[in-house]
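The values are calculated or read from the model by the stated rules, or taken from the named source; none is laboratory data. Keep in mind that what you see is a predicted model, and the values were worked out from it rather than measured. Positions of Cβ are generated from backbone atoms using ideal geometry, with glycine treated the same way; all protein chains shown enter the neighbour counts.
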Amino acid sequence: MLGAFILTFGLMAAAQAATLGASISAPAEGANVTVGQAVSLNGTATGGTGTYASFRWAFSDGTASIVGASQSVTFNATGTKTITLTVTDSNGDHAVASRTVNVVSGSTSNKPVISNIRAINITQTSVTITWDTDIVATSRVIYDTNSHADISGEVAPNFGYAVTTTESDTTTKVTAHSVTITGLSPATKYYFRVISQG
């Protein structure tokens, strides 16, 4: 007696894992920082096939490396420094990102140059304001429903605006600033200014 059998072949599709990536959100590329001041380090990772096992920061001038997605570092000498972030996931894959900063003497001006002002994450009642400074500085936003073309002669902290946020980033000053404002009135136009002090 002859037996018959059927073989069924199935195709298994392996999901293509996204490549592990690393990025640095702070400090800003080319930022000027002063000797002895804390510089915020913020790194993120995307993709990969495992969990993110480590974030390691290394520095071209031999400053000791440190571990953690959000850290801070101080430099003891002037010069251009390269900051390198290496992200490693639990499968042993690596991704690298880098930034350069200019470390200047403590006698530099403490008046930061503000750039790259943006309003993001806008909802009916909230908004996040971000900006960069060329040196480490504090963060604060003043805002109002009325426009103020000129604030010369106005008094701190509001400088004529109706509302000011609490000054943040004071203990550890930063070059990449972010302030979230809540409690805004829907369908209302607001005017704002960012304020940073070195």
Could you grab me the full set of residues in the range 98-143 that are more than 30 Å from Ala187 (Cα to Cα) and surrounded by fewer than 18 Cβ atoms within 10 Å (Cβ to Cβ)? Ser98, Thr100, Asn102, Val104, Ser105, Gly106, Ser107, Thr108, Ser109, Asn110, Lys111, Val113
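Please work out which residue is farthest from Gly43 (Cα to Cα), limiting yourself to the range 169-182 and to residues that are out of contact with any Phe, Trp or Tyr (no Cβ under 7 Å at 6 or more places or on another chain) and at pLDDT 95 or above.
Residue satisfying both the conditions and the ranking: Thr182.
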Within the range 138-154, can one find any residue that is part of a strand (DSSP E or B), more than 30 Å from Glu29 (Cα to Cα) and acidic (Asp, Glu)? yes
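Does the range 171-189 contain at least one residue that is out of contact with any helix residue (DSSP H, G or I) (no Cβ under 7 Å at 6 or more places or on another chain), in a loop (DSSP other than H, G, I, E, B) and surrounded by 18 or more Cβ atoms within 10 Å (Cβ to Cβ)?
Checked the range 171-189: at least one residue is out of contact with any helix residue (DSSP H, G or I) (no Cβ under 7 Å at 6 or more places or on another chain), in a loop (DSSP other than H, G, I, E, B) and surrounded by 18 or more Cβ atoms within 10 Å (Cβ to Cβ).
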Every residue in the range 127-158 that is touching a Ser or Thr at 6+ places or on another chain (Cβ under 8 Å) and aliphatic (A, V, I, L, M), please. Val127, Ile129, Ile135, Val136, Ala137, Val141, Ile142
Which numbered condition trips up Arg118, out of (1) in contact (Cβ under 8 Å) with a residue 60 or more places away in the chain; (2) part of a strand (DSSP E or B)? (1)
Among residues belonging to the range 160-189 that are over 27 Å from the mean Cα position of the chain (by Cα) and hydrophobic (A, V, I, L, M, F, W, C), point out the one that is farthest from Ala28 (Cα to Cα). Ala187
Of residues in the range 144-155 being free of Cβ contacts under 8 Å to residues at least 12 places away in the same chain and surrounded by fewer than 11 Cβ atoms within 10 Å (Cβ to Cβ), the one farthest from Val179 (Cα to Cα): Gly153
Contact list please: Cβ distance under 9 Å, first residue in the range 83-96 and under 16 Å from Gly68 (Cβ atoms) and assigned by TED's automatic domain parsing to the domain that holds Phe55, second residue surrounded by fewer than 18 Cβ atoms within 10 Å (Cβ to Cβ) and acidic (Asp, Glu), pairs at least six apart or on different chains. Val87/Asp93
For Tyr161, indicate whether it is assigned to a loop (DSSP other than H, G, I, E, B), of a type outside the set (Gly, Ala, Ser) and either in the same structural domain as Gln37 (by TED's automatic domain parsing) or surrounded by 18 or more Cβ atoms within 10 Å (Cβ to Cβ) (or both). yes
Quick check on Ala38: is it in contact with an Asp or Glu (Cβ under 7 Å, 6 or more places away or on another chain), under 24 Å from Asp169 (Cβ atoms) and at pLDDT below 90? no
